[in-house]
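Asks: Handing you this structure, nothing more for now.
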Amino acid sequence: MREGEALKKIKSSPGYPSYKRFIKGPVAVIECPEEIPCDPCSETCPFNAIEVGKPITNLPRLIEDRCTGCGLCITACPGLAIFVVNLNYSTEEASISMPYEFLPVPKVGEQVKVLNREGAHICEGRVIKVDEGKDHTRVVTIAVPKKFFEVARGIRLSPDVVK
């Protein structure tokens, strides 16, 4: 599936926030494409902002007005399908917090290649935060030009760092 088609499908899912909610501040973006029995995200959210309901195979639904963008749901998702986007990080950049399970671990301030859902390089970004998270899943937050907030979903470290 091409990136444009993937984004269109994700934007029509019940876990995708409205643009109106994006501009209010940090918000979870749930990109769960599979109707499988899974609900750790809804169980983890202290604000009851994610609802799966019954049957447990429902796609998770984001209740926008309850989401604070705290990010606890990021590491709770076994499918690594939840991100937190802050469109108000700065006047020029958005921040995106994402699950990260690779080594080496990026360092704050490091420049990274930013990837789309298909793994293609789309822009350069900067690591602004690294949290250890739970269950071996770290949360890496990057700053990217705002125009990439809907498509930036992964990072690749420079070859110098990997050596």
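Asks: Okay, helix-only estimate at 222 nm for the chain: each DSSP H run of n ≥ 4 adds -39500 (n - 2.57), divide by all residues, round to 500 deg cm²/dmol; what do you get?
Replies: On the way: 5 runs with 27 residues, N = 163.
That calculation yields -3500 deg cm²/dmol at 222 nm.
Asks: Continuing with this model, one more query. How large is the dipole of the chain about the Cα centre if only Lys and Arg carry +1 and Asp and Glu carry -1, each at its Cβ, rounded to the nearest 20 debye?
Replies: Working: 22 positive and 21 negative charges, 78 e Å.
Once rounded to the nearest 20, the dipole reads 380 debye.
Asks: How far apart, in nm, are two points set 7 Å out from the Cα along the Cα-to-Cβ line at residue 130 and at residue 108?
Replies: It works out to 1.1 nm between the two label points.
Asks: Now for a separate question. Can you list residues from other chains, or at least 5 along the same chain, whose modelled amide H is less than 5 Å from the amide H of residue 112?
Replies: 125, 126, 127
Asks: Which of the pairs 8/54; 24/113; 54/107 have their Cα atoms more than 31 Å apart in this structure? Write out the running numbers ahead of the final one.
Replies: Details: 8/54 26 Å; 24/113 27 Å; 54/107 41 Å.
Over 31 Å Cα-Cα: 54/107.
Asks: Now a separate question. For the chain, modelled as a GNM with alpha-carbon contacts under 10 angstrom, which of 109, 125, 25 fluctuates the most?
Replies: Per the Cα network of the chain with a 10 Å cutoff, 109 tops the list.
The numbers here are math on the coordinates, done by the rules we state, and not lab data. What you see is a predicted model; the values in this text were computed from it and never measured. Using ideal geometry, Cβ is built from the backbone for each residue, glycine included, and neighbour counts are taken over all protein chains shown.
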